[in-house]
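A short write-up of the structure that comes next.
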Number of protein chains: 2
Amino acid sequence: MPGEFDLIRRYFDSISGDHPSVQLGIGDDCALLSTSPNTELAISVDTLVEGVHFLPDIHPEHLAWRLIASSVSDLAAMGASPRWLTLACTLNEPSEAWLAMFSKGLAEACQFYSLVLIGGDTTSGRCQVFTAQVHGEVPSGMALKRSGAKVGDAIVVSGTLGDSCAGLAMLTDELEGESEYLLGRYYRPTARLELGKSLRGIANAAVDVSDGLLADLNHLLTASGVGAELCVEALPLSSALCEFAPESAEKWALSGGEDFELCFTLPQDRVPELEPMSERLDLPLTVVGTITDDREIALLKLGEPMARPAILGFNHFGNENE
Amino acid sequence: MPGEFDLIRRYFDSISGDHPSVQLGIGDDCALLSTSPNTELAISVDTLVEGVHFLPDIHPEHLAWRLIASSVSDLAAMGASPRWLTLACTLNEPSEAWLAMFSKGLAEACQFYSLVLIGGDTTSGRCQVFTAQVHGEVPSGMALKRSGAKVGDAIVVSGTLGDSCAGLAMLTDELEGESEYLLGRYYRPTARLELGKSLRGIANAAVDVSDGLLADLNHLLTASGVGAELCVEALPLSSALCEFAPESAEKWALSGGEDFELCFTLPQDRVPELEPMSERLDLPLTVVGTITDDREIALLKLGEPMARPAILGFNHFGNENE
C-alpha cells in the first residue's frame, strides 16, 4: 500500500474542490471555513458499518452515494443547504481499484449535492467503517425541527415509501425479480434538499425517513409531544413496489427504512400550497394523516383501526443521528 | 442491550451541555449552531481504531481522554479555541459499565477543553472505531498554518518529547519499569491550547507533534517549501525519560508520536518573547533548530552531522488529519 499521504492525496484531493468559503482545505491540522452571516450551521454525522448498514460486496460507487445521500438527507430535513463534508474512512486493505471507484462515486455525489470535501481521516481496521459529517447553512431561525408539530396539522410525505426496502430485499434474494427502479432507490437515494428549503416558514415540523415512516414519525411526535392518525391507504406507493411486492408493499411503506423522503407537518390551511410545490419540484407530496393529541400513532385503513405492524422500524444498535 | 435511543440518551445526553452558541443539540436530524462574527471555523477529524491506535484493554476513561486530546491538539496547532464536538462510536457489544466509564472520561475531557458535545452516531461493528470531530473558532486571518515558515526562522517545541512513546513502551513491556509520569503522558496528553492562542501573530508556522517530531516537522517544511537544521542535543527531554530509557530517549524524542506538543517557527527577533510566554504558561519552550532553504532536515549533534533514525515517524495507514 502507498503511504497515507499518497493515498489521501491521490484519491481525495481531486474532490476537495475550491469554494470561496474554504480558507484552507485538506493538508493542514484543521480546515478553515468562513461561515455566512445571519445563518446557523447545521451539522449531521452518519456512520455506515460493513455488514450492518451495507453488504460487503456493495459497489464502491454505490456505497459513496448512499453515504453522502443519507447524510445530506438530514440537512434536507432541517431545510439547510449543504456546504462542507468531512469523511473518516476505516478501510481493510482496499485495492487501488476500489479506492478509485469509491472516490469517483464520492466526487459525483459531492458535485450533485454541492458539497466540498474539506478534511477527514483514513485509518486501517479489521472492518470497514465510514463516517461522513455534513455541514450546511440555514437562515437563522428558519430551520425545520422535529419539535414543532401542532394538533390538527396535516402529515405529509414526499415521493414514495418502501422502495429502498424492496430494492434491498431483491439484493438479498428475499424478493424475487429485478427492478432497476427499486434497486436504484436503494443504491442512489435522493436527499430532498429542494423540498426542505421550500418548507422553511411553511412546515411546523419535519424529519427524514431513514428508519421507516412509523419510527421516524414517532421521533417527530415524541419531540412535539403529540400523536397521529395515519391513513394507511393514503401511503404513496410506487407502481414498481406494487408490482414486485404486492403483499409486502404496505408493511415496507410503514416500516422499511432508507427511502430518505421527508415526513413533515403543516397547518391544514396551508395544504393547498402543496400542489404547486409538488409540481414545481416534480415530486409527489401526499397527505397521509393528521396530528392528534393522543401521544401515539393510530393506524386507520378505510376509516377503521388497524393493527400496527410488529416491526416499528430499524433499530440496529444504533444509526441515530444527533 | 437497550435500544439506541436509550443508550445515547443515558450516556451522552448529560455531556451535551448548554451553551448559547448551541441552538439545537443532540436529538434532531442536525445540530444547529451559531458561529461568532469575524471568526473562521477550524475543523479537525480524528479516528482511533482498536488495535491500531489503542490497545484493546485500554481503560475507557483513558481512551476518551486520548481521543479528545488528540483532536483538540489540532485546534491548538491552528491557534483556535475549542467550541463543539461530534462523536461517532462503532462499538462491539460494550457493557454498560464500559459505557459509563467512557462517558465519564468524555465528560471530563469536554469540560477540561471547553467542548460541547452536539451530536454523533452510535453503531455496532466487529471492531471498535471512534471518530471525533472538533470544531473551533479563530479570529479571521489569525490561524497558524503549516505553510508560513521562513528561511532563518527559529524552530521551537513545547514541553518535552518522547514521553508518550516511552509510556506506551512500558504498557507493551518493551520498556522496563513503571513511571506514573510517562504513563500519564501517554494516557492523558495535554493539548497546548493556550500556547496556540498565544502564538497568533507571532509564529510563522505551526504543527502539533502527533506522528513524531521529524515526521510532523517534515509536514511543516513541505507545506512551507523550506528545510531545517535540528540540534539533537537541544531536544527537550523529561528527567523521567532520561532515567527510564536513556538509550532510546533521543530516538523517541525525534520519532515517537503522540506527545501532542506544538512545533512552531518564528522570526529570530521574536525569540526573546518565548521566555516570558513560557513562564506565563508554565510550559518549556525550547529552540531546537533553524529553518533553512535546503528542503530537507539536517540533524546536527554538537555541531556535527548525524545519521537520521531509520523510523521517520508513525505511518500507520493512515492517521493523517485533513
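The values are calculated or read from the model by the stated rules, or taken from the named source; none is laboratory data. Since the structure is predicted, the reported quantities are computational estimates derived from the model, not experimental observations. Positions of Cβ are generated from backbone atoms using ideal geometry, with glycine treated the same way; all protein chains shown enter the neighbour counts.
Of everything listed in (1) closer than 26 Å to B:Asp46 by Cβ; (2) in a loop (DSSP other than H, G, I, E, B), the single unmet condition for B:Leu237 is (1).
Need pairs with beta-carbon distance below 6 Å; first residue within 7 Å of chain A (Cβ to nearest Cβ) and within region B:102-126, second hydrophobic (A, V, I, L, M, F, W, C) and assigned to a helix (DSSP H, G or I); sequence gap 6+ or separate chains. Close Cβ pairs satisfying both conditions: B:Thr122/B:Ile8. Just so you know, in region A:14-33 the residues that are among the charged types (D, E, K, R) and at the interface with chain B (Cβ under 9 Å from one of its Cβ atoms) include one that is surrounded by the fewest Cβ atoms within 10 Å (Cβ to Cβ), and it is A:Asp28.
Looking across A:Asp29, A:Asp18, A:Asp57, one residue alone is within 18 Å of A:Glu137 (Cα to Cα) and of a type in the set (Asp, Glu). It is A:Asp18. Determine if region A:84-100 includes at least one residue that is within 30 Å of A:Asn204 (Cβ to Cβ) and within 12 Å of chain B (Cβ to nearest Cβ). The answer is yes; a qualifying residue exists.
Could you run through region A:50-81 and say how many residues are assigned to a strand (DSSP E or B), modelled with pLDDT under 95 and of a type outside the set (D, E, K, R)? First the steps, then the outcome.
Taking region A:50-81 as the starting set, the residues that turn out to be assigned to a strand (DSSP E or B) are A:50, A:54, A:81.
From what is left, the residues that are modelled with pLDDT under 95 are A:50, A:54.
So of that shortlist, the ones also of a type outside the set (D, E, K, R) come out as A:54.
Number satisfying all stated conditions: 1.
Can you work out which of the residues in region B:196-212 that are touching a Lys or Arg at 6+ places or on another chain (Cβ under 7 Å) and either assigned to a loop (DSSP other than H, G, I, E, B) or at pLDDT below 95 (or both) is surrounded by the most Cβ atoms within 10 Å (Cβ to Cβ)? Within region B:196-212, the match that is surrounded by the most Cβ atoms within 10 Å (Cβ to Cβ) is B:Asn204.
Could you list all residues from region A:264-279 that are in contact (Cβ under 8 Å) with a residue 24 or more places away in the chain and farther than 20 Å from A:Ala253 by Cα? Before you say what the answer is, go through the steps one by one.
So in region A:264-279, the residues in contact (Cβ under 8 Å) with a residue 24 or more places away in the chain come out as A:264-268, A:270-271, A:273-274, A:277.
Result: A:Leu266, A:Pro267, A:Gln268, A:Arg270, A:Val271, A:Glu273, A:Leu274, A:Met277.
Evaluate the following for B:Trp65: is it in contact with a Lys or Arg (Cβ under 6 Å, 6 or more places away or on another chain) and either crowded, with 16+ Cβ neighbours inside 10 Å or more than 10 Å from every other protein chain (Cβ to nearest Cβ) (or both)?
Values: in contact with a Lys or Arg (Cβ under 6 Å, 6 or more places away or on another chain): yes; either crowded, with 16+ Cβ neighbours inside 10 Å or more than 10 Å from every other protein chain (Cβ to nearest Cβ) (or both): yes.
Answer is yes for this residue.
The residues in region A:70-104 that are touching a Pro at 6+ places or on another chain (Cβ under 6 Å) and surrounded by 22 or more Cβ atoms within 10 Å (Cβ to Cβ) can be counted, and the count is 3.
How about region B:99-162: which strands (runs of 3 or more DSSP E) wholly inside it have at least 2 residues that are within 30 Å of B:Ser224 (Cβ to Cβ)?
Details: elements: B:116-124, B:129-139, B:154-158.
Here the list reads B:129-139, B:154-158.
Here B:Leu230, B:Leu220 are screened, and the one residue that is among the aliphatic types (A, V, I, L, M), outside any loop (DSSP other than H, G, I, E, B) and more than 16 Å from the chain's Cα centre (by Cα) is B:Leu230. Just one of the listed residues (B:Leu182, B:Leu171, B:Leu175, B:Leu161) is closer than 29 Å to B:Ala107 by Cβ, buried (at least 19 other Cβ atoms within 10 Å of the Cβ), of a type in the set (A, V, I, L, M, F, W, C) and not assigned by TED's automatic domain parsing to the domain that holds B:Val116, namely B:Leu182. When B:Gly119, B:Gly177, B:Gly125, B:Gly159 are checked against the criterion of being touching a helix residue (DSSP H, G or I) at 6+ places or on another chain (Cβ under 6 Å) and small (Gly, Ala, Ser), B:Gly177 stands alone in meeting it.
Would you confirm whether any residue within region A:34-47 is assigned to a loop (DSSP other than H, G, I, E, B), within 7 Å of chain B (Cβ to nearest Cβ) and at pLDDT 85 or above?
Within region A:34-47, the subset assigned to a loop (DSSP other than H, G, I, E, B) is A:34-38.
Add one more test, that the residue is within 7 Å of chain B (Cβ to nearest Cβ), and what stays is A:34-35.
If we keep only those that are at pLDDT 85 or above too, we end up with A:34-35.
Yes, there is a match, as at least one residue in region A:34-47 is assigned to a loop (DSSP other than H, G, I, E, B), within 7 Å of chain B (Cβ to nearest Cβ) and at pLDDT 85 or above.
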